[in-house]
Amino acid sequence: MGPARVRQRSRWGCKNCKLRRVKCDEVKPMCRQCQAYGVSCSFSFTQTKMQPLQPVIEHVFARPSPSIGLPYWLCPIDRLMNRFQLQIAPTMSYGKRLDVYQTQVVELAQTTPFLKHAITTVTYMYQRHTTTPFRLTPDWAELYHWDRALVGFNRKLSQNPQSDDKAALLSTSMLLWLLVFCHVDASSPEEAWPLSPNLVSGPTWLRIARGKDEVWRQMPSAPRDSISAALAPVENNPIINRPAPPPAPLQGVPASFLRLFDLGTGKQSSDSEAVYHSVAVDVAWALFGDRPPLPTILRFVTFLSTMSSNFKLLLLAKDPRALLLLACWYGKIRGLGVWWMTPRTVLEGESICRYLEQGYPENPDLQKMAAFLRAL
């Protein structure tokens, strides 16, 4: 057996190749690695992140023309990672958190197999949900990478992880939750929660909604860990500007909604009603106020990630008013076209409406709100 082959490194290569840990051919003004990967090429040592080529999406993924004469092709996983950076990450976050997903998380995935499997799974799922005709069932490649992400993630958690592992675990937990929320194992409202008799313990996304918080609490952050700082839970995250909830815009809110949640009376909520009140105010703000899409989506994500344990228990118990509030959020979000939110908000939202109509025919306010949501 011959001696191990020594990998030669480019001494004067571009910054992007160094970030990706690949050999640069040092061709200026654009090396062939960057040209194939779809990012701008920079030999400046002040550059800290990769920038997409302009114009972006369509040209990035076009096959190189014969005149380019590339001596190699990128592996399929690299193309999927590239797609995650440029197309999928912007549907998950914004601002500094988006920058972290597009650069540092992707760079960390190059040395963290379970995180790379998670990103690959998200990309396969994105392709499945945005390709016509839509396929309900994942193919073997998507299932394989999902399994490898779960196995690696759980193995790392069980092996006394250190502070340096926190960034990878937080990133992966976020991606795994997104996968669970997006994947609805149902083709009709009757097969979805809460109507389905096979989901007595509630939907998986709800049971694991605060999983990232557990990772955060159990592990200290490494010094200068910008990924953990950006992906911290809302209550521990200075990057997320979380203003106090605005007062409910009572103009235009159906009287049935006001009666169900005792809004607009000026009375202080009792302890038993307080668990509904803050959620109802947010729903009124989102559903009946004239608000732009981005703040609405961010408020919905905040609702999912900061849901109180008491409200979660009400949902798991199929409490009708808690279900209605969730269905109100779904009714607003389903029309905004976010690929990983739409399948569940459509199927589960309709399942909740039918559950309320069939289970509470004697409550006219619930019946009116179910009809209102269906007409959105």
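Read the figures in this text as sums done on the coordinates, not as results from a lab. Keep in mind that what you see is a predicted model, and the values were worked out from it rather than measured. Note that each Cβ is placed from the backbone with ideal geometry, even for glycine, and that neighbours are counted across all protein chains shown.
Across the stretch 106-120, the residues whose backbone nitrogen lies under 17 Å from the label position 7 Å along the beta-carbon direction of Ile208 are 114-120. Available extension along the chain between Glu190 and Ala255 is 20.5 nm, counting 0.36 nm per residue and deducting the alpha carbon span.
What you get for the stretch 119-232, charging only the Cβ of Lys and Arg (+1) and of Asp and Glu (-1), is a dipole of about 300 debye around the Cα centre.
Within the set Lys23/Lys116; Lys23/Lys96; Lys212/Lys312; Lys28/Lys116; Lys116/Lys312, which residue pairs have Cα atoms separated by over 22 Å?
Over 22 Å apart, Cα to Cα: Lys23/Lys96; Lys28/Lys116; Lys116/Lys312.
Looking at the stretch 177-227, none of the GluC sites (Glu not before Pro) sits in a DSSP loop with at most 14 other Cβ atoms within 10 Å of its own Cβ.
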